[in-house]
1. Scale the Cα Rg of segment 158-250 by the rule-of-thumb value 2.2 N^0.38 Å and send over the ratio, two decimals.
2. With viscosity set to 0.692 mPa s and temperature to 37 °C, compute the Stokes-Einstein D of segment 121-171, Rh being the Kirkwood radius across alpha carbon pairs; µm²/s, no decimals.
3. How many angstrom separate the Cα center of segment 177-205 from the Cα center of segment 19-45?
4. Set the bar at 30 Å for Cα to Cα. Now go through LYS58/LYS157; LYS56/LYS140; LYS70/LYS194; LYS110/LYS219; LYS56/LYS94; LYS56/LYS181 and name every pair that lies beyond it.
5. Rg and Dmax of segment 201-250 over Cα atoms: what are they, in angstrom?
6. For the chain, what does the helix formula give at 222 nm: sum of -39500 (n - 2.57) over DSSP H segments with n ≥ 4, over the residue count, nearest 500 deg cm²/dmol?
7. Long-range amide H contacts for GLN117: which residues qualify at under 5 Å (H placed 1.01 Å from N, peptide plane, sequence gap of 5 or more or a different chain)?
8. Extension gain TYR223-THR174, at 0.36 nm per residue separation less the Cα-Cα distance, in nm?
Amino acid sequence: MNLSILMITKNAEEVIADALNSVKGLRGELLVADDGSTDGTIGIVIQYGGRVFELKNKNLGERIQWLISKAQEDWIFILDSDERVSKKLSREIKEIATPHRGGVRNDKNKGYSIPYQNYVFGKPVYWGGERYNKVRFFRKGYGKVTPVSLHEEVFVKGKIGALHGVIHHHSFRTPIQLFTKFTKYASIAAQEKKRACETLSFGKLFLYAPHMFWARFVKEKGYKDGWRGFVLAFAFSYMETLMYWILLFL
């Protein structure tokens, strides 16, 4: 299999085994950049045959780009520790990344967009901005990751195809874990805005949060996901408020 699977980890022992089990038989190599885990994450990665690198003084996007530079296979697949590859997606990736007789598979696409299925407290959600695709699978030498601390994107030089199998994303597992994550994200985003010298306003401090809730819960029909849609819309508006108030004190 001509596939390098790349992961960024930190204290992910709760979820990483499920992620690695979902790509069994799929990878040629597993490269992991760990951000100082103090639990059993590194041990689990080693059990699954992965190589672990400890990277400091680099943000999320920079860590992934560094791993890309170390990858040895023809194709790259980026997977988070709280994500799981569906069987259909596994078959699609295997078909593309497996060497074919006569040389490399004749494929004009240099990367592929993959649909996400997000979960809140173990149940799938479909509305409120939770249906989207991301480029996470691409040919080595054609993809570059944005050097940002949150929500990195992969830009591919060349044609991008679309796969149909999904990535199951278990990002929000418990109420405490959800709001801990959004608090962390708000702090990181505030630091980014400070570095960008973003100015504050009354609207950002007091109006952006209710607008965020309205956009996700009403405009994008998050209410169709019931109380889980409400919790998620509230969490995003909480993050929006906290981010600008942290920026104010910074």
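1. Details: Rg = 15.7 Å, N = 93, 2.2 N^0.38 = 12.3 Å.
Against the compact-globule rule of thumb, the ratio is 1.28.
2. On the way: Rh = 13.3 Å.
It comes out at roughly 248 µm²/s.
3. Their Cα centres are 30 Å away from one another.
4. The pairs that break the limit, which is 30 Å between Cα atoms, are LYS70/LYS194; LYS110/LYS219; LYS56/LYS94.
5. So, for segment 201-250, Rg and Dmax equal 11.7, 38 Å respectively.
6. On the way: 8 runs with 92 residues, N = 250.
One gets -11500 deg cm²/dmol as the mean residue ellipticity at 222 nm.
7. ILE167, HIS168, HIS169
8. Values: separation 49, 0.36 × 49 = 17.64 nm, distance 1.95 nm.
Roughly 15.7 nm would be gained on extension.
The values are calculated or read from the model by the stated rules, or taken from the named source; none is laboratory data. What you are looking at is a predicted structure, and each value in this text was computed from that prediction instead of being measured. Cβ: placed from backbone, ideal geometry, glycine included. Neighbour counts: every protein chain shown. Just the protein is used for accessible areas: all its heavy atoms, side chains included, with ligands, DNA and RNA removed. Shrake-Rupley method; radii C 1.70, N 1.55, O 1.52, S 1.80 Å.
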